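Heads up: the structure comes next, in structure tokens.
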Amino acid sequence: MPDILSLGSLYADICVTYATLSISFFILSRSEPFNFKGSHWKRVAFGLVAGITALYLRGNQLVLTDNLSFSFEMLPMILVTFFGGWLSGLCSFVVAFFFSGMFTLNNLFIAIILGTLFLFRVWTRRKHRELYITIVLVGICRLALVSSIHGIQVPWTELMFYQAIAACCMILCYHALNYKEIYMNKVFVTRVKAATDELTQINNRASLDYWLAQRQIQREACGLILLDIDNFKRVNDTLGHQVGDRVLIEVGRLLRHLTRNEDFAGRYGGEEFLVMTSTCDPATLLSIAERIRKEVEDCVISLEDGRELRVTVSLGVSLYLPGMIIRKSLKLADLSLYEAKRKGKNCVVGSSILTLAELGYKRHTHKM
């Protein structure tokens with residue numbers, strides 16, 4: 001019996017196939033769930049890992065002729081096509097193609113199988129049925145290929161045993177990756193729900209507190225913009241809480257649209273929102289605050305009864321500087337917000353701490 005059919009070799013190939021794909025799938029899902037719609041670089045990386053794995057598996061072959069041999073090398077290519085789409089499957093094949101003799105009968109056979117999967121776009125409607133159809137297709141094509149080559153001694157018993165083990169390995173790895181994908185999706189859904197305000201769908205108070213705590217731990221300066229919806233109690237009392245909720249949702253939507261990727265915005269409590277910026281430049285902070293004020297002022301909120309409503313916000317701008325207590329920074333932003341309310345609302349007031357912004361620059365330069 002060929003060495004590939006020994007229990008030790010089969011077990012090693014199964015472990016290598018599952019371990020490499022499972023670990024790479026987990027790593028690529030650290031920041032967001034990995035799937036065929038994800039970042040291009042992640043799908044390429046998944047394909048490259050599968051291609052390298054295929055090359056390793058090719059070293060343990062069931063040799064039938066000088067030009068034809070079977071191994072587990074096709075398994076990782078098929079699996080990454082199911083989970084990473086055509087880009088992952090193509091990258092895995094390109095790696096295996098260029099490092100395994102290029103235009104060989106084996107590579108032609110693999111290209112036909114992958115091409116069929118690409119044609120039917122199995123990753124878009126991935127179901128167990130597609131997997132089992134693929135397994136049957138691979139088995140039939142392999143047996144047909146072997147039968148079409150005359151003059152070779154075919155070890156049919158060993159070949160059928162190999163086919164059965166390969167099918168079991170693919171099923172095992174597929175379902176393991178499928179359960180991992182389901183689990184990772186649930187983790188991220190739970191994480192998003194835990195960090196998101198249910199009404200406004202922006203970050204909640206817990207997320208804001210965590211972000212601020214990280215700035216204090218890392219001793220990184222940041223800008224703080226605290227804003228409050230003017231006359232919000234009057235809106236609730238005269239138009240009802242449903243309209244009040246509509247106002248909160250609209251302000252949250254504007255903040256999601258106006259904040260940059262490196263900034264962080266969330267609902268601080270009630271009708272108050274907090275925007276935290278990576279910049280501590282006073283002119284930039286005041287400009288961001290003024291843009292928020294103007295966008296809210298110009299926003300027209302359509303109510304269910306056809307009426308239109310406009311609201312305004314007052315904003316207080318402050319800083320967190322390394323060495324400060326977070327509560328003190330927030331207190332300064334709150335005092336600035338109170339001053340904006342006292343001045344007649346719908347305006348921006350900067351804290352006196354903005355004059356110390358250079359301390360934040362010096363700290364950043366020192367870290368660089």
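Confirm whether G89 is within 23 Å of the chain's Cα centre (by Cα), of a type in the set (G, A, S) and in the same structural domain as F46 (by TED's automatic domain parsing). Against the criterion (within 23 Å of the chain's Cα centre (by Cα), of a type in the set (G, A, S) and in the same structural domain as F46 (by TED's automatic domain parsing)), G89 qualifies. Within region 317-328, the presence of a residue that is crowded, with 19+ Cβ neighbours inside 10 Å and among the charged types (D, E, K, R) is excluded.
Only a single item in (1) surrounded by 16 or more Cβ atoms within 10 Å (Cβ to Cβ); (2) in contact (Cβ under 8 Å) with a residue 12 or more places away in the chain is not met by N236, and it is number (2).
Of A167, A176, all but one fail to be free of Cβ contacts under 8 Å to residues at least 40 places away in the same chain, within 30 Å of A54 (Cα to Cα) and surrounded by 13 or more Cβ atoms within 10 Å (Cβ to Cβ); the exception is A167.
Look through region 28-67, keep the residues that are of a type in the set (V, I, T) and at pLDDT below 90, and return whichever of them is surrounded by the fewest Cβ atoms within 10 Å (Cβ to Cβ). For region 28-67, the residue satisfying everything is V63. Just wondering, is there one or more residues in region 261-273 that are modelled with pLDDT of 95 or more and either hydrophobic (A, V, I, L, M, F, W, C) or not assigned by TED's automatic domain parsing to the domain that holds N236 (or both)? The answer is yes; a qualifying residue exists.
The values are calculated or read from the model by the stated rules, or taken from the named source; none is laboratory data. Not measured: the values here are computed from a predicted model. All Cβ positions, glycine included, derive from the backbone under ideal geometry; neighbour counts span all protein chains shown.
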